[in-house]
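Contents: one structure, followed by commentary.
The values are calculated or read from the model by the stated rules, or taken from the named source; none is laboratory data. Nothing here was measured: the structure is a model prediction, and the numbers come from that model. Please note: Cβ atoms are built from the backbone with ideal geometry, for glycine as well, and neighbour counts cover all protein chains shown.
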Amino acid sequence: MPPAPPALPTHPLAELLAGRPLRVVGDVHGDLHAFRHAAATDRFVIQLGDLVDYGPDSAGAFRLMQRLIDERRGLFILGNHDRKLARALQGRKMRRDPPLMETLAAFLSEENSDVYQRALADLARAPAWIVLGQSIFVHGGFHARMLGELPPPGLGTVTPLLSRALFGETTGRMQKDGYPERRLNWVDHIPPGYTVYCGHDRRSTDGRPWVRHGRMGGRAIFTDTGAGKGGHLAWIDLPPVL
């Protein structure tokens, strides 16, 4: 028998989410039109990160997320693209990749000043992962330590655990497109009965969230189906998990 996972800490958001049915939304990547449909629900929305970049209206998607936060109807997990935007807003020197430059220009425009004024604070508050019952919500990938630790500040130093949350697991090799090669060994370490809801990796081949079962008996559900990149936005409705 595998060892029992460590006792879960009380998450600061547990009281807000207790007893509420959920809608888990995958990577939005600036697809405001699709995100409006996903947000049109009485369920509490947990968006799994990467709100911005690539799509036509990253600032609009972020504005909608801010409204969900203000109305206590939703939150977002910090994704690697969200963190990259935060660092750019802090004035850090960044690689000038076109998606980031377009997002940054939109946030700094006068018409989106309302979004920009509080964007950095919202990004700083976004958790890198949430554990609710036997459900784990994270952008990139799972590590067993997430079951016993609350996430560190997402805009702080990138520790190995925060790196796993933001970027998943990599092989150390680079692909032809210049991005790290990813692997999914972490799925095999999900404890039995637990489900990890994540984005980041677009593994689906049929437009539906992709499910992978691990050797320990847990499973991961990958929700990135290409919103903002020529695909569409996926979401999953769940009953209350607390």
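Couple of notes before you dig in:
Residue by residue, here is whether (1) at pLDDT below 95; (2) on the phi > 0 side of the Ramachandran plot; (3) in contact with an Asp or Glu (Cβ under 7 Å, 6 or more places away or on another chain); (4) of a type in the set (A, V, I, L, M) holds:
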residue: 143; (1), (2), (3), (4): no, no, no, no
residue: 149; (1), (2), (3), (4): yes, no, no, no
residue: 152; (1), (2), (3), (4): yes, no, no, no
residue: 155; (1), (2), (3), (4): yes, no, no, yes
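- Scanning the stretch 198-242 for residues that are of a type in the set (Asp, Glu), under 21 Å from residue 51 (Cβ atoms) and part of a loop (DSSP other than H, G, I, E, B) gives 201, 224.
- Entry remark, the stretch 40-52: residues being out of contact with any Lys or Arg (no Cβ under 8 Å at 6 or more places or on another chain) and not in a strand (DSSP E or B) number 7 in total.
- Enumeration of residues in the stretch 185-197 that are assigned to a loop (DSSP other than H, G, I, E, B) and surrounded by fewer than 17 Cβ atoms within 10 Å (Cβ to Cβ): 192, 193
- Some residue of the stretch 124-134 being under 25 Å from residue 64 (Cα atoms), under 18 Å from the mean Cα position of the chain (by Cα) and among the aromatic types (Phe, Trp, Tyr): yes
- Those residues of the stretch 84-121 which are touching a residue at least 24 places away in the same chain (Cβ under 8 Å) and either among the aromatic types (Phe, Trp, Tyr) or part of a loop (DSSP other than H, G, I, E, B) (or both), in sequence order: 90, 107, 109, 116
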